[in-house]
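Notes follow the structure.
The values are calculated or read from the model by the stated rules, or taken from the named source; none is laboratory data. As the structure is a computational prediction, the values presented were derived from the model and not from experiment. When we count neighbours, we look across all protein chains shown, and the Cβ atoms used for this are built from the backbone with ideal geometry, even at glycine.
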Amino acid sequence: MSANVERENNGQEGEEAKKGRHMGVGHKSLLQSDALFQYILETSVYPREPAPLRELREMTAKHPWNLMTTSADEGQFLMLLVKLINAKNTIELGVYTGYSLLSTALALPEDGKIIAMDIHRKNYELGVPFMEKAGVHHKIDFREGQGITLLEELMQDEKNIGFFDFVFVDADKDNYLNYHERIMKLVKVGGLIGYDNTLWNGSVAAPDDTPYPKYVKYYKPFVMELNTALAADPRIEISMVPVGDGITLCRRLE
Ligand SMILES: C[S@@+](CC[C@H](N)C(=O)[O-])C[C@H]1O[C@@H](n2cnc3c(N)ncnc32)[C@H](O)[C@@H]1O
């Protein structure tokens, strides 16, 4: 979710927001300079953004929950990452309309597969036409339900244990540590997990009385607990990357 949540939440476009076209939907940057973020988008991200992704982003911008979408710069980062690790079998937990899902699907090889999970199928369905247009819908196996239940279902099949190359988690932040224990069984040794929003609008480093929206305050302790736990987990090596709202990359060691 966005670093400029408050500005976006009150529905008023402030002077700052008017300055940059990236403001509002998809503004996830924690960069202190909005101009710098705009520069990144206009120089490196938008010119390289595949048309179906751009169209999905534009459709999502009109959706009432658009604050939830993954930002274009993070989508580009995910695409590169998926290719760099030669991922073939992946899981995505937290789909919404599918910007990160489509980014991953575009980066996977033709026979790659993503098991995509979300409690709401209807938002995913809004994105399906864009995935079909991109010619990657066949890579996606969408499953509707609670993340924990769906991960446990996967774990019941022995062939899924240590099978996945990449797992991207962008769902309910108060469950990330529960997801982590299950995902550690599903991802292969040497495989990668990405936990999204680990800088949580910058709130993790802000005083508790900072006037963030209620949901930011609510999830802040969970995100901080996750960050501490990941840093102390000897089964992984990590890097907290300040792209978007912060994505912590974890490589399974054992
Ligand atoms: C921030 S959005 C995901 C954004 C998405 N990655 C994108 O690219 O637009 C979070 C998603 O997590 C889903 N979610 C929330 N709680 C969940 C749960 N317990 N199990 C599965 N999905 C959940 C929500 O329905 C929502 O679609």
- Number of the condition not met by Val243 [criteria: (1) modelled with pLDDT of 95 or more; (2) touching a helix residue (DSSP H, G or I) at 6+ places or on another chain (Cβ under 8 Å); (3) of a type in the set (A, V, I, L, M)]: (1)
- Message: Given (1) without any contact (Cβ under 8 Å) to a residue 40 or more places away in the chain; (2) under 30 Å from Gln38 (Cα atoms); (3) not acidic (Asp, Glu), identify the lone condition not met by Thr228.
- Response: (2)
- Item | Residue satisfying condition, being within 11 Å of the ligand (Cβ to nearest atom) and in contact (Cβ under 8 Å) with a residue 24 or more places away in the chain, within set Ile85, Ile119, Ile91 | Ile119
- Given the structure, is Lys185 out of contact with any strand residue (DSSP E or B) (no Cβ under 9 Å at 6 or more places or on another chain) and not small (Gly, Ala, Ser)? yes
- Among the candidates Thr90, Thr104, which residue alone is among the hydroxyl-bearing types (Ser, Thr, Tyr) and either more than 14 Å from the chain's Cα centre (by Cα) or under 20 Å from Thr198 (Cα atoms) (or both)? Thr104
- Members of the range 123-156 found to be more than 9 Å from the ligand (Cβ to nearest atom), within 23 Å of Leu67 (Cβ to Cβ) and of a type in the set (Asp, Glu), listed by number: Glu125
- Applying the selection to the range 145-167, what residues are touching a residue at least 60 places away in the same chain (Cβ under 8 Å) and either surrounded by fewer than 15 Cβ atoms within 10 Å (Cβ to Cβ) or assigned to a loop (DSSP other than H, G, I, E, B) (or both)? Phe163
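Tell me the residue from Gly98, Gly24 that is modelled with pLDDT under 65 and either under 18 Å from the mean Cα position of the chain (by Cα) or of a type outside the set (Gly, Ala, Ser) (or both), please.
Just one listed residue meets the conditions, Gly24.
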- Message: Would you confirm, using the coordinates I've provided, whether Tyr195 is outside any loop (DSSP other than H, G, I, E, B), crowded, with 16+ Cβ neighbours inside 10 Å and touching a strand residue (DSSP E or B) at 6+ places or on another chain (Cβ under 6 Å)?
- Response: yes
- Message: Step by step: first the residues of the range 66-82, then only those that are under 26 Å from Glu153 (Cβ atoms) and within 12 Å of the ligand (Cβ to nearest atom), then the one that is surrounded by the fewest Cβ atoms within 10 Å (Cβ to Cβ). Which residue is that?
- Response: Met68
